Amino acid sequence: MSGMQTKPKLLAILIAATAMTACSMTPKTNPDADLQYRENAQAMLQKLSLEEKLNILSGPGIDLEHYRGIDATNLAKEKNVLGVAGYINGVKNDSVDIPAVKLADGPAGLRIRPTRDNDDQTYYATAWPIGSLLASSWDTDLVQKVGAAEGNEVKEYGVDFLLAPGMNIQRNPLLGRNFEYYSEDPLLSGKIAAAMVSGVQSNDVGATIKHFVANNAETNRFFNNTIADPRTLREIYLRGFQIAVEESQPWAIMSSYNLVNGTYVNQRKDIMNDILRGEWNFSGLAMSDWFAGNVFGLKSDFRGRIERDQESAAKQVTAGNDLIEPGGVKEDLAASVSAGTLTEADVDKSVVAILTQMHKTPSYNQYEYSNTPDLRTHAVLARQAAAEGMVLLKNEAATLPLKPQAKVASFGTTQINTLKGGTGSGNVNSAYISHIASALGERFTLNTAVTDFYNQYFEANKQKTKALIGGYDFSDEPAVSDHSQLKQLIAEAAVNDAAAVITIGRQAGEGGDRTATQGDYLLTDAELETISAVSQTFHAQSKPVTVVLNVNGLVDTTMWGNKVDSILLAYMGGQETGHAIADILVGDVNPSGKLAQTVPVQYSDVPSASTFPGKDIDDDGMVDASYYNEGLYVGYRYYSSFDTAPAYPFGYGLSYTNFEYRNPHVVTNTLNADGASGKLTLSVTIANNGKSAGKEVAQVYISAPEVKLEKPVIELKAFDKTTLLKPGQTEELTLTIPAKTLASFDPDHNQWIVEPGQYQAYIAPSSDVSGSNFGNATKPVTFTINQEIVVAKTTPNALALQDGVNQADFVTIK
Ligand code: BGC
C-alpha cells in the first residue's frame with residue numbers, strides 16, 4: 001500500500017468518449033419494442049404545442065398548493081390512487097390522447113394511502129424488508145422475486161412507476177436513509193438493484209433507480225455539495241448505478257438533491273447525459289427528486305427560504321434531466337425558451353424520452369387493475385426474505401437456535417413497538433406488523449410477566465416519545481435501577497426460564513442524519529443497564545442471553561457485545577419482522593445473511609467520521625459541503641487497507657452449521673487473449689461440514705497490482721450463494737469476473753483499465769481474508785495479466801473538481 005490518497009487529481013485529457021461495452025446480464029426491456037415506442041413518441045411530438053410539451057416536463061406531485069399556489073390535488077382525486085407521490089402529465093388534444101401516469105414510492109414497498117373517503121375497501125401494501133436487509137441476503141434471485149411481487153402491487157393498484165430502488169452507497173453508518181440503501185460496496189449495490197429492477201419491471205411497470213448520485217447525507221440535503229475526485233465518483237458512487245443501468249435497463253432514474261463538485265447533479269450534463277446515456281446507454285427517462293435543484297428556493301428541508309433559481313428547470317432539461325418533480329415550473333421553462341436559454345430541441349429530446357416510457361405503462365395501455373393484489377402470498381415471501389437477510393453476528397457456545405417451546409424471557413420495549421421499516425417516503429402502509437413479542441410467543445413459552453411489564457411501560461410512555469410515521473421514535477427503555485419490579489422480574493426469570501432475549505430498537509429516516517450519541521448510534525444507559533443486569537443474572541444461572549437488533553442502521557456493539565452470548569442483526573424485516581426473527585431463533589431458518597456494511601469498533605474509526613455530514617462553509621449554521629476525503633477507501637476498502645480492525649467485517653455472518661471452502665482454482669482466464677471482452681472464471685466447492693442444513697455466501701476479493709494506480713488492498717469482484725446444503729452435501733460455485741468488473745478508473749487518461757501483473761483472488765467467507773480477526777486466513781489463487789487492458793474510454797473532463805477546490809481542501813483522515 002503506497003499510502004492514503006488525499007489529493008484528487010485534476011488533469012484535462014482529450015480522448016473521445018465511446019460507449020461502454022455490452023452488459024453481462026440480458027436486460028428485461030425488449031430493445032425492438034423500445035425502438036418502436038421511441039418512433040411513436042417522435043411521431044407524437046409533431047402533434048404537440050410547446051405548452052403541451054412543457055406540461056409533460058413539469059410533473060405535478062404533492063402539496064404544490066402549499067409551496068407555489070399550484071393545486072395538484074384534483075389530479076390525485078381524478079386518478080383515484082391516493083397517496084402517490086406524483087404524476088407525469090398526460091395530453092389530450094384533437095390528435096393525441098395520453099393519460100397521466102402515476103409515480104409512487106418506494107424502496108420497502110408501494111406507498112399509497114390505505115383508506116379512502118366513502119370507500120370500505122382498504123389499499124394496504126406489503127411492507128418488505130428494508131434495503132439493507134435485502135442486500136445482506138446476497139441473494140439476487142430472492143431480491144428479484146421480491147421485486148416481482150412488489151411490482152405486482154404497483155400494477156394491481158393502478159400505479160405505473162415505482163420510485164425505487166434506492167441504491168446510494170452507505171458511505172457512513174449515520175446516514176438517515178441508509179435503510180433504503182443496499183451496501184457500502186458498489187458491486188453488491190449494483191447487482192442487488194439490478195435484480196430488484198428486473199423483478200419490478202417483469203410486471204410491465206417501471207422501476208426508478210435513485211438517488212443519482214453521491215447523495216450520502218440528509219443534512220441540509222437540498223444544498224449539500226459533494227466534493228469528490230472523478231476516480232472516487234466513478235469507482236464507488238457511480239459504479240452501482242452503472243451496473244443497474246446496464247444489467248436491468250430501468251425505465252427511469254431519479255437524480256439526487258445534492259450538488260457534485262459545485263453544480264446540482266440534475267444540472268450536470270456530464271452526469272445526466274454524457275455518462276448516463278453516452279457511456280452506459282441508458283434509454284429511460286430521468287426525473288428530478290422532489291423540489292431538487294433550487295427550483296423553489298426552499299432552504300434545508302423547508303426550514304427557510306432563499307432566492308430561488310428561475311433558470312433551474314431549464315438547466316435541468318438542458319443537462320438531460322427530463323422530468324421536473326413535483327412540477328410547478330411550466331412558466332419558468334416557457335420564460336427560458338423565450339429568453340433563448342432553453343432550446344426547443346432540448347425540450348423535444350426530453351419529451352421524447354418521457355413519452356417513450358409512457359407508452360409502456362399500464363395507464364397508457366388501459367390496463368384494468370384489480371385493486372386486489374395477493375397480499376397473503378406476498379406476506380409469505382416477505383417473511384422468507386426477511387429471515388434470509390438477518391445477520392448472526394455472534395453465537396457463543398451455539399446459544400442459538402433455542403429449543404422450540406423453550407422458556408424464554410423477552411426484554412425491551414421494541415418487542416412491543418417492533419419497527420418494520422424506516423421513516424419518510426420509504427414508509428409503507430401495511431395491514432399489520434408482526435411484533436417480536438407475539439411472534440416469540442408462538443414458538444416459545446414466553447415469560448408473560450416480563451412481556452406484560454414492557455407492554456405496560458410502552459403504553460404508559462409512548463406519547464412521551466415523538467410520534468413518527470411507521471412507529472415511535474427511539475425506544476424509551478425503563479432503567480433497571482429505576483424499576484425494582486424489573487429487577488425482580490429479571491431475578492425470577494433467570495431461575496425459571498431457559499434463556500433471555502433482549503431487543504434493542506432504533507428508528508431513523510428521511511430528512512435527517514443520525515448522531516454518534518447515546519440513544520442513537522450508542523446505546524442509552526438504560527439499555528446498557530438492561531444488558532448488564534440480564535446477562536449477569538442469567539449467566540449466574542448458566543443461562544444464555546441473546547440480543548436482537550431491530551434497527552434502521554448500525555449501532556455500537558463494542559460497549560456491550562462481550563456481555564452477551566449471541567447477537568442477531570435483524571435490521572427491519574417489514575411487516576413480518578417478528579415472525580422472521582422467531583424463525584431464526586427457533587432454528588426453522590438457519591441464518592445465511594452476511595454484512596453488506598462494516599460494523600466498526602467505534603464510530604470514530606469510520607473513514608468519513610470527521611467529514612460527515614459536511615461542513616458549514618458560509619457560516620450560516622448549516623452544512624453546505626461534504627469533502628469525500630477518504631476517496632476510494634469507503635468501508636472495508638479502508639479497514640483492510642489501513643489495518644483497522646472492525647468489530648465485524650464486511651461480508652461476515654455466522655451460520656448454525658460450518659462450511660469448508662475446497663479446491664479454489666482458476667478455471668479459465670481469457671483476459672490476456674480477449675482483452676476488454678475477456679473474463680476470469682473461478683471455482684470453489686463449498687462443503688457443509690456441520691450438523692444442520694444451511695446456505696453459504698462465497699465472495700471473491702481481488703488484490704490487484706499497482707502500476708499507475710494506487711488501489712485498496714482488496715475489492716469485491718464477484719459473489720454467489722449456495723442452495724440449501726444438507727450436512728455433508730457439497731456444491732461447486734462458478735464465479736465469473738468480466739474485464740470491466742476488474743477494471744479501475746485511470747483519471748489521467750479517461751479510461752477504465754486492467755493493469756498488468758500478478759493478481760490474487762481470495763474466495764472467502766468474508767472480507768477478513770487475512771483471518772486476523774475472524775477465523776482462518778484464505779489462501780489466494782493467482783492469475784496474471786500480461787499487459788494493460790483498456791476496457792472502455794470515458795468522457796473527457798467529466799466530473800472535474802470545481803474551481804477553487806484543491807488539495808488543501810481535502811483534509812486527511814489519518
Ligand atoms: C425523496 C424521494 C421520493 C420523493 C417522492 C423525496 O423527498 O427524496 O426518494 O421518491 O420524495 O416521494
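The values are calculated or read from the model by the stated rules, or taken from the named source; none is laboratory data. Given the structure is predicted, the values throughout are model-derived calculations rather than measurements. Note that each Cβ is placed from the backbone with ideal geometry, even for glycine, and that neighbours are counted across all protein chains shown. Heads up: the accessible areas ignore ligands, DNA and RNA and are worked out on the full protein's heavy atoms, side chains in. Shrake-Rupley method; radii C 1.70, N 1.55, O 1.52, S 1.80 Å.
Grab the alpha carbons of segment 31-359, take their convex hull, and tell me the volume per residue in Å³.
On the way: hull volume 43.4 nm³, N = 329.
Each residue corresponds to 132 Å³ of Cα convex hull volume.
Counted residue by residue at 0.36 nm each, then reduced by the alpha carbon distance between them, the extension gain from residue 406 to residue 82 reaches 112.1 nm.
Taking the dipole about the Cα centre of the chain, with the C-beta of Lys and Arg at +1 and of Asp and Glu at -1, give me whichever of 539, 35, 792 is farthest to the positive side. The listed residue farthest towards the positive side: 539. Note on segment 31-359: antiparallel DSSP beta bridges, both residues inside, total approximately 40 percent of the bridges counted. Looking at segment 658-793, the accessible area is 40 square angstrom per residue; that uses a 1.4 Å probe and ignores ligands, DNA and RNA.
If you count, for each residue, the other Cβ atoms within 10 Å and average over each peptide, how do 508-517, 281-290, 251-260 line up from highest to lowest? If you can, show how the numbers build up before the last one.
Working: 508-517: 19.1, 281-290: 24.5, 251-260: 26.1.
Order by mean packing, descending: 251-260, 281-290, 508-517.
When ligands, DNA and RNA are left out and all protein chains stay put, how many square angstrom of accessible area per residue does segment 406-552 have with a 1.4 Å probe?
On the way: 5220 Å² over 147 residues.
Here the residues of segment 406-552 average 36 Å² of exposed surface.
Of the heavy-atom accessible surface of the chain (probe 1.4 angstrom), what whole percent is carbon and sulfur?
On the way: 13410 of 27970 Å².
Answer for the chain: carbon and sulfur cover 48 percent of the accessible area.
Structural descriptor for the chain: relative contact order 16 percent, calculated from alpha carbon pairs under 8 angstrom and at least 6 residues apart.
Taking all protein chains together and rolling a 1.4 Å probe, residue 749 ends up with roughly 70 Å² accessible.
For segment 335-346, backbone phi angles converted through the Karplus equation (6.51, -1.76, 1.60; θ = phi - 60°) give residue-by-residue couplings of 5, 5, 5, 4, 6, x, 8, 10, 8, 5, 5, 5 Hz, Gly and Pro being listed as x. Each peptide in 551-559, 776-784 was scored by the mean count of other Cβ atoms within 10 Å over its residues; highest first, the order is 551-559, 776-784.
Between residue 36 and residue 779, 0.36 nm times their residue separation minus their Cα-Cα distance comes to what?
On the way: separation 743, 0.36 × 743 = 267.48 nm, distance 5.23 nm.
Extra length from residue 36 to residue 779 when fully extended: 262.2 nm.
Return the subset of 269/793; 691/779; 407/543; 679/726; 711/740; 269/349 for which the Cα-Cα distance in this structure is over 21 Å, preserving the input order. As for pairs spanning more than 21 Å Cα to Cα, those are 691/779; 679/726.
Take each peptide in 306-312, 739-745, 451-457, 794-800, count the other Cβ atoms within 10 Å of every residue, and average; sorted highest first, the result is 739-745, 794-800, 451-457, 306-312. Solvent exposure of segment 31-359, expressed per residue, is 28 Å² of accessible area, with all protein chains present and a 1.4 angstrom probe.
Think of each Lys and Arg Cβ as +1 and each Asp and Glu Cβ as -1; about the Cα centre, that makes the dipole of the chain roughly 1240 debye.
Between the residues 430, 562, 82, the greatest Cα displacement towards the positive end of the dipole of the chain, with unit charges on the Cβ of Lys, Arg, Asp and Glu, is found for 562. Would you mind telling me the antiparallel percentage of the DSSP bridges in the chain, rounded to 5? Within the chain, antiparallel bridges account for around 60 percent of the total. In this Cβ point-charge picture (+1 for Lys and Arg, -1 for Asp and Glu), segment 658-793 has a dipole of about 420 debye about its Cα centre. For the pair residue 787 and residue 445, label points projected 7 Å from Cα toward Cβ lie 7.6 nm apart. Treat each spin label as a single point 7 Å out from the Cα along the C-beta direction, and report the residue 748 to residue 495 distance in nm. In this crude label model, residue 748 to residue 495 measures out at 7.5 nm.
Of the GluC sites (Glu not before Pro) found in segment 358-417, the ones in coil according to DSSP and having at most 12 other Cβ atoms within 10 Å of their Cβ are 368. The residue 666 and residue 338 beta-carbon pair, evaluated with R₀ = 56 Å, returns a calculated FRET efficiency of approximately 0.35. On the basis of the beta-carbon distance and an R0 of 60 Å, residue 45 and residue 732 show a calculated FRET efficiency of 0.65.
Short-range pairs are left out: with C-alpha atoms under 8 Å and at least six residues apart, the relative contact order of segment 148-293 is 25 percent.
Of the residues 175, 350, 742, the one whose Cα sits farthest toward the positive end of the charge dipole of the chain, with +1 on the Cβ of Lys and Arg and -1 on the Cβ of Asp and Glu, is 742. Ellipticity at 222 nm from helices only: DSSP H runs of n ≥ 4 in the chain, each -39500 (n - 2.57), divided by the residue count, give -7500 deg cm²/dmol.
For segment 360-502, the Cβ-based charge dipole about the Cα centre amounts to some 240 debye (Lys, Arg positive; Asp, Glu negative; other atoms uncharged). Label-to-label distance for residue 377 and residue 517 is 4.9 nm, based on points extended 7 Å past Cα in the beta-carbon direction.
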